[in-house]
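One structure is given below, encoded as structure tokens.
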2 protein chains.
Amino acid sequence: MLVLQKYGGSSVADLDRIRACADRCVATAEAGNDLVVVVSAMKGETNRLIGMANALVEHAPADADRGPYVTAAKRSVDHDRELDQLVATGEKVSAALLAMAIGDRGGRAVSLAGHQLGMTTDRTFTRAKITDISEQRIRSELEEGRVVVCAGFQGTDARGDITTLGRGGSDTSAVALAAALGADVCEILTDVDGVYTTDPRIVPRARKVLAMSYDEMLELASLGAKVLQIRSVAFAKKYGVRVHVRSSLHEGPGTMIVPADEVARLRGQNGKQPMEAIEVSGVALQRDEAKVTLVDVPDVPGVIAEVFGALGSAGVSVDMILQNASRNDRTDITFTVAEADLESATTVLTGLRPGGEELTLATDRAIAKISVVGLGLRSHAEVAAKAFGVLAADNVNVQMVSNSELKMSVVVHERYGELALRSLHTAFGLDAPSR
Amino acid sequence: MLVLQKYGGSSVADLDRIRACADRCVATAEAGNDLVVVVSAMKGETNRLIGMANALVEHAPADADRGPYVTAAKRSVDHDRELDQLVATGEKVSAALLAMAIGDRGGRAVSLAGHQLGMTTDRTFTRAKITDISEQRIRSELEEGRVVVCAGFQGTDARGDITTLGRGGSDTSAVALAAALGADVCEILTDVDGVYTTDPRIVPRARKVLAMSYDEMLELASLGAKVLQIRSVAFAKKYGVRVHVRSSLHEGPGTMIVPADEVARLRGQNGKQPMEAIEVSGVALQRDEAKVTLVDVPDVPGVIAEVFGALGSAGVSVDMILQNASRNDRTDITFTVAEADLESATTVLTGLRPGGEELTLATDRAIAKISVVGLGLRSHAEVAAKAFGVLAADNVNVQMVSNSELKMSVVVHERYGELALRSLHTAFGLDAPSR
């Protein structure tokens, strides 16, 4: 087999953890596999490097949307280019250390950094897109019997300048290399056991999911599951890469993320999860959204376009949108935005005169959004009916609803968020069997 | 002018120092110069990285000859390759930070790491030799009006693997780039003012030397002056690069290291140093050597070859060698080695039977070597006579003497080392004028 293993920052957090990764690499190679490894920077290293850059240029506070990457007036392409040259060193360090540790344990390994990987990207520094992978060097190292340890998160543009793929980019590096090499599996080794039906800190009976389709994982990732970078899942789907999210601390199986047709087969293989019981893969709670209602606006073409156009131009992403039925050519429009964006949204909207009128706004931060994700949601009516019944039994009022092929979301008052999450988790058969 | 500036580790030790370097770079560029900069790793960073590598592979203690680079059974080409991939990140970090700081101060800069520099080396990891410099990228960045900040100490081999040039290699990077680009001057910016006539901690009246020939600097560097890597001086001599060793903390002139014919001219320009007074550029004291005498060995061909051949094979470098006149076809041979090598030298020699006889050894650690360096030493007899007169006046017995075009060294008892240094410094007119 050709195996790709990706070790995240917590898996290479210190020298002891690096030694443990090396043991696992040597065992995987000795079992007869060709092994390509992708590593993140040692935990904390990326922030240390970015911290130096930020302290140096004395710029404005970090832009939430791009994580700790800097923003502000002083930003420029030149600055972003240097940031990438700087930050990419973190993965080079951990790759070289892991290769040494494998050598120390009697294995043979070689580390490859951005310019050696053959991963070409565009020139969008700090969030580059992969344009091409030339796998020649990796293949020749594999043929010579080496474990190939690749620095994640980075590539080079056509000119040889280092680019990075954005936060969590090592997942994308891993999946992209797995696709280019035709790896049999892309293992994402992390500090959790796999993907869970929901956050176990809120729902103690949350259960590890054995198999999940790409689309379900995409939805869960967009709802805040941090186990995989969204972009890497989209990449895996596009190229049909079998992704195995599993623990770096033990050998037990985790969650396979595979094409939908394989999900049912994998689930069927496991006696504990009878096929027909599974409609829903997970439920998620988000508390960081806020609700905005535009009260009594003219229901004419162009108004809604002006509103959402202005929000988009201001960098405010809108999540759920709900428009009530029109009465007398007037209507209410309700939508949700990230709570962090509420202030800018309000500023933008109070400056608008769609149809010549000022807008009347009502905002509410005290909301929670609960989403139910699953391939089974194709039978919408049944799922929605079940969800509403459960929430009504708990006396929870539903403020907003939205539906898609793979997801149903409801907005409730913030104080009922956890209750609703637990009730829906139970109702859709996701609870782990009691012991 | 095309100026090359090299900033050492203490000049980029922290963000404040990096800002100060950036100010100097911007001022140099704004004065109308094209500027190429070479930086070392931030002070302590190289040792931090090597420390991790050493802790990881649990090898034997460091090999003194190669500084903190590892040695021992576990070493291999693969390991050395990874060490270079690892350690070279230190200079990448400081180069990117300096480029950012220049940008923050309104300048334009680009950092170039090993694979972007166009510096090709052989594949001797950890101590690679430069084979070629392709300056195309640097020139095009200069044409676009940027300060080019190069990561020192590193290049790539033909395959694109990162190589490093050995401890202090950033000096060599700087001189090599200055040679390839035809820079008007290669400024080595450091935490001292220039090259001194001797160690000012021992001789308070030591004086900064305004100009010095490559050969004198080579001799002083081999005697322990740490201001420049020996190899970089040899490189500068070969390509006629004008090197200016000066402080990174102020704008005052330092020491120009230039061809011999220019030295006299530069010295003549300075009223304080009349031409005829200068025969000697510096004196140096070394206390880390030991003396070995082979007593009463057969004076036949082959004996001396066997002795020094065996020492060379064991990695022991011999410094001064003195063979007494032969009596009855027997002689004494005395030589010096680094004190750290004395034990291995003794072990090697006691195992030899040159001419079928065991060797009788006498060793002495309590020695000091004082060397006088200068172009003026071409008139040997006069200099030697002066030196012996001075030492005799101090009642210091001379144990060994050696002479070359540029250097005369004497070995005395350790307890007279500093006295002899001070007396010779005065006798050769090196003392700074009293104030």
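What follows draws every value from the coordinates through simple rules; no lab data is involved. Quick caveat: nothing in here was measured; it's all calculated off a predicted structure. Ideal geometry is used to build each Cβ from the backbone, glycine not excepted, and the neighbour counts take in all protein chains shown.
At a temperature of 37 °C and a viscosity of 0.692 mPa s, determine how fast chain B diffuses translationally according to Stokes-Einstein, using the Kirkwood radius over alpha-carbon pairs as Rh; express D in µm²/s, rounded to the nearest whole number.
139 µm²/s
Calculate the length of the line joining the C-alpha centroid of the range A:358-435 to that of the range A:108-148, in whole Å.
Cα centres, the range A:358-435 to the range A:108-148: 44 Å.
Quick one: check the C-alpha center-to-center distance for the range A:182-209 versus the range B:162-198, whole angstrom.
A separation of 53 Å, based on Cα centres.
First obtain the Kirkwood hydrodynamic radius of the protein assembly as shown from its Cα pairs, then insert it into the Stokes-Einstein equation at 37 °C and 0.692 mPa s, and state the resulting D in µm² per second as a whole number.
Numbers: Rh = 31.9 Å.
The Stokes-Einstein estimate is 103 µm²/s.
Distances in nm, one decimal, shortest first, from B:ARG327 to the same residue in every other copy, taking the label point 7 angstrom along Cα→Cβ.
12.8
Across peptide A:12-24, how many C-beta atoms of other chains are within 10 Å of each residue C-beta, on average?
Per residue, the number of nearby Cβ atoms from other chains is 1 on average.
Roughly what % antiparallel, to the nearest 5, for the DSSP beta bridges in chain A?
Among the beta bridges of chain A, antiparallel pairing accounts for roughly 60 percent.
For the range B:296-302, what does the Karplus curve 6.51 cos²θ - 1.76 cosθ + 1.60, with θ = phi - 60°, yield as ³J(HN,Hα) per residue in whole Hz, taken in order and with x for Gly and Pro?
6, 9, x, 8, 10, x, x
If you build the convex hull over the alpha carbons only and average its shadow over all orientations, what do you get for the range A:2-191? Give it in nm² to one decimal. Before the final figure, lay out the partial values.
Numbers: hull surface 40.6 nm².
Across all orientations, the range A:2-191 yields a mean hull projection of 10.1 nm².
Distances in nm, one decimal, shortest first, from B:ALA432 to the same residue in every other copy, taking the label point 7 angstrom along Cα→Cβ.
Spelled out, the distances from B:ALA432's label point are 7.4 nm.
Per-residue counts of other Cβ atoms within 10 Å, averaged by peptide: what ranking do you get for B:220-227, A:253-260, A:296-303, highest first?
Most protected by this proxy first, the peptides run A:253-260, B:220-227, A:296-303.
Per residue of the protein assembly as shown, what 222 nm ellipticity follows from adding -39500 (n - 2.57) for every DSSP H run with n ≥ 4, rounded to the nearest 500?
Calculated at 222 nm, the ellipticity per residue is -10500 deg cm²/dmol.
Under the rule of at least 5 residues apart or a separate chain, name every residue whose amide H is placed under 5 Å from the amide H of A:LYS6.
Those qualifying (amide H under 5 Å, at least 5 residues apart or on another chain) are A:VAL38, A:GLU187, A:ILE188, A:LEU189.
Shortest first and in nm to one decimal, what separations exist between A:ALA260 and its copies in the other chains, measuring from label points 7 Å along the Cα-to-beta-carbon line?
Sorted ascending, the copy-to-copy spacings read 8.5 nm.
Among DSSP beta bridges whose residues both lie in the range B:2-191, state the antiparallel percentage, nearest 5.
Values: 6 of 26 bridges.
Of all bridge pairs located within the range B:2-191, approximately 25 percent are antiparallel.
Whole angstrom only: what separates the Cα centroid of the range B:222-253 from the Cα centroid of the range B:25-59?
17 Å
With charges set only on the Cβ (+1 for Lys and Arg, -1 for Asp and Glu), what does the dipole of the protein assembly as shown come to about its Cα centre, in debye to the nearest 20?
Here the protein assembly as shown has a charge dipole of around 460 debye.
List every DSSP H helix in chain B whose Cα atoms extend 27 Å or more along the helix's own long axis and whose mean Kyte-Doolittle hydropathy is at least 0.5.
Membrane-span-like by this criterion, though nothing is claimed about a membrane: none.
Could you give the nm distance between label points at B:ARG201 and B:ARG327, where each point is 7 Å from its Cα heading toward the beta carbon?
Here the answer is 4.3 nm between the modelled labels.
Across peptide A:100-110, how many C-beta atoms of other chains are within 10 Å of each residue C-beta, on average?
Across A:100-110, the average partner-chain Cβ count within 10 Å equals 5.
As a test, work out the antiparallel percent of DSSP beta bridges whose residues both lie in the protein assembly as shown, rounded to the nearest 5.
If I count the DSSP bridges inside the protein assembly as shown, around 60 percent turn out antiparallel.
Just want the ordering: B:ILE202, B:ILE304, A:ILE130, A:ILE188, from fewest to most Cβ atoms lying within 10 Å of their own Cβ.
B:ILE202, B:ILE304, A:ILE130, A:ILE188
What is the dipole size for chain A, taken about its Cα centre, with +1 at each Lys and Arg Cβ and -1 at each Asp and Glu Cβ, in debye to the nearest 20? Write out the running numbers ahead of the final one.
On the way: 47 positive and 57 negative charges, 179 e Å.
The dipole of chain A has a size of about 860 debye.
Where in the range A:389-435 are there GluC sites (Glu not before Pro) that are in a DSSP coil and have at most 13 other Cβ atoms within 10 angstrom of their Cβ?
Answer by residue number: A:GLU405.
Let me know the mean shielding of B:111-119 by other chains, meaning the per-residue number of their Cβ atoms within 10 Å of its Cβ. Don't skip to the answer; put the middle values down first.
Values: counts 7, 3, 10, 2, 8, 7, 0, 1, 0.
Per-residue shielding by partner chains comes out at 4.
What residue among B:GLY168, B:GLY309, B:GLY356 shows peak mean-square fluctuation when chain B is described by a Gaussian network model with Cα springs under 10 Å?
Judging by the Gaussian network model, the answer is B:GLY356.
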